[in-house]
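Engineer: Provided herewith is a single structure, encoded as structure tokens, for subsequent inquiry.
The values are calculated or read from the model by the stated rules, or taken from the named source; none is laboratory data. Quick caveat, the model's predicted, so the values are computed rather than measured. Positions of Cβ are generated from backbone atoms using ideal geometry, with glycine treated the same way; all protein chains shown enter the neighbour counts.
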Amino acid sequence: MSLILVRDLKKSYKIGSMEVPALNGVSFIIEEGEFVAIMGPSGSGKSTLMNLLGCLDRPTSGTYVLDSEDASKMNDSARAAIRNRKIGFVFQSFNLLPRMSALKNTLLPMMYANRRKDTAMAKDALNRVGLGKRINHTPMQLSGGEQQRVAIARALVNDPPLIFGDEPTGNLDTATGTEIMSIFQKLNDAGKTVIIVTHEPEIAQHAKRILRFRDGLLESDELVENRLTAVPKPRE
Amino acid sequence: MNILDAIQTGLSELLSHKLRSMLTMLGVIFGVAAVIAMVSIGEGAKQEALAQIRLMGIDVVHVRRAIVSGELLDKAQERSPYGLKYSDAGAIQAVCTFAKRVVPLREVYADVKVGEKPMPVKVVGTTAGYAAVSRSNVLRGRFLTDMDIAQNSPVCVLGAAAKRDLFGFDNPIGETVKIGGRLLKVVGVMEPKEIGSAKALSALRDLNSDIYIPITMSLVDFQIYSQQAMPTTLPALRALAAKMLSTQSRGKSPITEIIVQVDSDTATVPTASVIRSLLDRSHRGIRDYEIIIPAELLKQSQQTQRIFNIVMAAIASISLLVGGIGIMNIMLATVTQRTREIGVRRCIGATKWDIIRQFMLEALVITCLGGLIGVALGVGGARAISIYAHWNTVVSMQAIIVSFGVSGLVGVVFGLYPAVRAASVDPIEALRYS
């Protein structure tokens, strides 16, 4: 069974009395263990797709099955639960809670999963992104790259099958961006399915497959040749 | 999210804005503190009044000489002497056959001498029934008897404080004291009576420093009015004494008070009206006396307390309402300020209910903490008042629980709308919000 099954997905917004289409019916399948980059100019519908795939919004019509659950007809709290268990979000602007330490930020998804806070698991997630020594720093005390690592640790902590990156390198310099991409690749190698939205071809080149969108439609779906393997420079 | 995590989150949110949280709490703090301090003062006054009234007894009617002035005084003086007279006691006794006891009281001030040093005291001339009517017990010896009254025996009974002042720790029974020129044998000492510290009912005397003598003797040998000119020549004095000793003029002698004891407190009001109509007739309509019914005073004080409670509840509700509006205002501002945080929490799995609960708990933490501080301030304030103003205050557990509960309720009521607003934030919009 595929991890993601999208069939004829449509989404339109009401602006006044006008129905403005954003997504005009797209279909694709993403298997478990894939690394997919979603690309497209602004207005292509990629943000809308992102919100739908992330279960933040409901499609006007069509089907979206995530990990054998039909997410297209779920109510608000069911979608909150699926976001919590099945998806790890990584944002362009990190979106950490500013007054909490890295560790507490990482613990947050666990607290909404209605299970016991497991500090050991949170520390393990921070170790996996190479931030094991700075767990008590607040986001203000961390660099952009470090903040994004915390965000990735937070995305990992509930062990979801899917990691979502919305322009995850957009606020970072090239070297740091490459580091973050290497973490995504490492996670992908370890079996996680990774989807990132980006408009930088070089970043997309790190994925295994690129979906291009234009005017609310899937324009192309191709495998990446000459895939870039990010090897971060050793830190001192 | 479990409840402990949620409370912890709320607390750390408050701690990160200490000044703002404190200012937000202020309304609740003052409201609760005011309620507790005021209830304590009211409760203290009430208990004191009750104690005083109980001390007077609720099955009695006091008829008391009234101070009259102006036109009324002129009219009253047409009857000489004006005010309550010894004969009034007899008349009441004759009419109120149902009364258990009718006890006349004549208070005079005289110098008492033990050995050489004179000391001014209040001498109360009364009858044997006084001990029972005033609920006083004899500590040592005996009280006045009917025989003492009938025979005009030269005996006296000391109040506890009077005994202490005159004899210290010595046994006074059988000793002789000189009161206003007469030698009297001490036959008894009263138990000390708890009087309380209130001036609320100044109608009450401090019974402990009284000295009791047979009323017959006080009528003859002691004058109520110090300003009344005493004859200076010996023959004139003899004439006055002879006049006073005759039964007729003895009946005209002024007395200070008549205490009528009946079977139960419900009988006091009808008894009072009987006495009033009787005295109005014999005093020709001049109200140179007053009737005090402790049972009625008790009812009045309960009535006053009820009004006081209503006024206070109104004040408390207003201050808590204002405090609650302040909290709501801040919480709404907070929701706007934390839109992005709400978006992040929703995105990583918080349900609407999780968000509602988080904001409700923050409001609750503010009001409950404010309530706690308010309780502490209120209790402290009540204590300070009793120390500095010497008012009796009683901090009731009920007031603490109710006002704390209400402050919690304020948190729920005024936290609800901001919390619902927070939960209805669209996560997609919120993540884009900056």
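Engineer: So, in the range B:329-342, of the ones that are in contact (Cβ under 8 Å) with a residue 40 or more places away in the chain and assigned to a helix (DSSP H, G or I), which residue ends up nearest to the other protein chains (Cβ to nearest Cβ)? Write out each step before concluding.
Structural biologist: Residues of the range B:329-342 that are in contact (Cβ under 8 Å) with a residue 40 or more places away in the chain, as a first pass: B:330-332, B:334-335, B:338-340, B:342.
Those left that are additionally assigned to a helix (DSSP H, G or I): B:330-332, B:334-335, B:339-340, B:342.
Values: B:330: 17, B:331: 17, B:332: 20, B:334: 13, B:335: 15, B:339: 12, B:340: 7, B:342: 11 Å.
Looking at the filtered set, the residue picked out is B:340.
Engineer: If you don't mind, there's one more thing I want to ask. Hey, which of the strands (runs of 3 or more DSSP E) in the range B:48-149, taking only ones fully inside, have at least 1 residues that are out of contact with any Phe, Trp or Tyr (no Cβ under 7 Å at 6 or more places or on another chain) and not assigned by TED's automatic domain parsing to the domain that holds residue B:259?
Structural biologist: Details: elements: B:60-65, B:101-114, B:117-126, B:138-141.
Qualifying strands (runs of 3 or more DSSP E): B:60-65.
Engineer: Name the residue, out of A:121, A:111, A:74, that is aliphatic (A, V, I, L, M) and within 8 Å of chain B (Cβ to nearest Cβ).
Structural biologist: Values: A:121 fails: within 8 Å of chain B (Cβ to nearest Cβ); A:74 fails: within 8 Å of chain B (Cβ to nearest Cβ).
Of the residues listed, the single one that is aliphatic (A, V, I, L, M) and within 8 Å of chain B (Cβ to nearest Cβ) is A:111.
Engineer: Right, here's the next one. Condition first: outside any helix (DSSP H, G or I) and among the β-branched types (Val, Ile, Thr). Now tell me which residues in the range A:162-216 satisfy that.
Structural biologist: Within the range A:162-216, the first condition is being outside any helix (DSSP H, G or I), and the residues that meet it are A:162-173, A:190-200, A:205-216.
Within the range A:162-216, A:163, A:169, A:193, A:194, A:195, A:196, A:197, A:198, A:210 meet the criteria.
Engineer: Still on this model: Taking the conditions exactly as written (surrounded by fewer than 20 Cβ atoms within 10 Å (Cβ to Cβ), within 14 Å of chain A (Cβ to nearest Cβ) and under 30 Å from residue A:154 (Cα atoms)), does residue B:345 satisfy them or not? Before the answer, list the steps.
Structural biologist: Numbers: surrounded by fewer than 20 Cβ atoms within 10 Å (Cβ to Cβ): no; within 14 Å of chain A (Cβ to nearest Cβ): yes; under 30 Å from residue A:154 (Cα atoms): yes.
In short, no.
Engineer: Can you work out which of the residues in the range B:1-10 that are within 11 Å of another protein chain (Cβ to nearest Cβ) and not hydrophobic (A, V, I, L, M, F, W, C) is nearest to residue B:331 (Cα to Cα)?
Structural biologist: Going through the qualifying residues, I end up with B:9.
Residue by residue, here is whether (1) within 14 Å of chain A (Cβ to nearest Cβ); (2) over 30 Å from residue B:42 (Cα atoms); (3) free of Cβ contacts under 8 Å to residues at least 24 places away in the same chain; (4) part of a helix (DSSP H, G or I) holds:
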residue	(1), (2), (3), (4)
B:359	no, yes, no, yes
B:370	no, no, no, yes
B:375	no, no, no, yes
B:379	no, no, no, yes
B:406	no, no, no, yes
B:414	no, no, no, yes
B:425	yes, yes, no, no
B:430	yes, yes, no, yes
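Engineer: Got a sec? Which of B:43, B:13, B:48 is in contact (Cβ under 8 Å) with a residue 60 or more places away in the chain, within 14 Å of chain A (Cβ to nearest Cβ) and not hydrophobic (A, V, I, L, M, F, W, C)? So that I can check it myself, show each step before the final result.
Structural biologist: Numbers: B:43 fails: within 14 Å of chain A (Cβ to nearest Cβ); B:48 fails: within 14 Å of chain A (Cβ to nearest Cβ).
So the residue among B:43, B:13, B:48 that is in contact (Cβ under 8 Å) with a residue 60 or more places away in the chain, within 14 Å of chain A (Cβ to nearest Cβ) and not hydrophobic (A, V, I, L, M, F, W, C) is B:13.
Engineer: Of everything in the range B:384-403, what is crowded, with 20+ Cβ neighbours inside 10 Å and assigned to a helix (DSSP H, G or I)? Give them in sequence order.
Structural biologist: B:399, B:400, B:403
Engineer: Taking residue B:94 as meeting all but one of (1) within 30 Å of residue A:85 (Cβ to Cβ); (2) more than 14 Å from chain A (Cβ to nearest Cβ), write down the number of the exception.
Structural biologist: (1)
Engineer: OK, next. Which one is nearest to residue B:94 (Cα to Cα) among residues in the range B:277-295 that are assigned to a helix (DSSP H, G or I) and in the same structural domain as residue B:83 (by TED's automatic domain parsing)?
Structural biologist: From the range B:277-295, those assigned to a helix (DSSP H, G or I) are B:277-282, B:294-295; that's our starting set.
Now restrict to residues that are in the same structural domain as residue B:83 (by TED's automatic domain parsing): B:277-282.
Details: B:277: 14, B:278: 11, B:279: 13, B:280: 16, B:281: 15, B:282: 14 Å.
Here the residue is B:278.
Engineer: Sticking with this one: Among the residues of the range B:157-165, is there at least one that is outside any strand (DSSP E or B), on the phi < 0 side of the Ramachandran plot and free of Cβ contacts under 8 Å to residues at least 12 places away in the same chain?
Structural biologist: Going residue by residue through the range B:157-165, those that are outside any strand (DSSP E or B) are B:159-165.
The next check asks that each one be on the phi < 0 side of the Ramachandran plot; those that pass are B:159-165.
Filter once more, so that each one left must be free of Cβ contacts under 8 Å to residues at least 12 places away in the same chain: B:164.
Within the range B:157-165, one or more residues are outside any strand (DSSP E or B), on the phi < 0 side of the Ramachandran plot and free of Cβ contacts under 8 Å to residues at least 12 places away in the same chain.
Engineer: Residues in the range A:38-53: is at least one modelled with pLDDT of 90 or more, touching a Leu at 6+ places or on another chain (Cβ under 6 Å), within 14 Å of another protein chain (Cβ to nearest Cβ) and more than 11 Å from residue A:213 (Cβ to Cβ)?
Structural biologist: There is no residue in the range A:38-53 that is modelled with pLDDT of 90 or more, touching a Leu at 6+ places or on another chain (Cβ under 6 Å), within 14 Å of another protein chain (Cβ to nearest Cβ) and more than 11 Å from residue A:213 (Cβ to Cβ).
Engineer: If you check residue A:133 against the conditions, is it within 11 Å of another protein chain (Cβ to nearest Cβ) and free of Cβ contacts under 8 Å to residues at least 24 places away in the same chain? Before the answer, list the steps.
Structural biologist: Values: within 11 Å of another protein chain (Cβ to nearest Cβ): no; free of Cβ contacts under 8 Å to residues at least 24 places away in the same chain: yes.
Spelling it out, it is not the case that residue A:133 is within 11 Å of another protein chain (Cβ to nearest Cβ) and free of Cβ contacts under 8 Å to residues at least 24 places away in the same chain.
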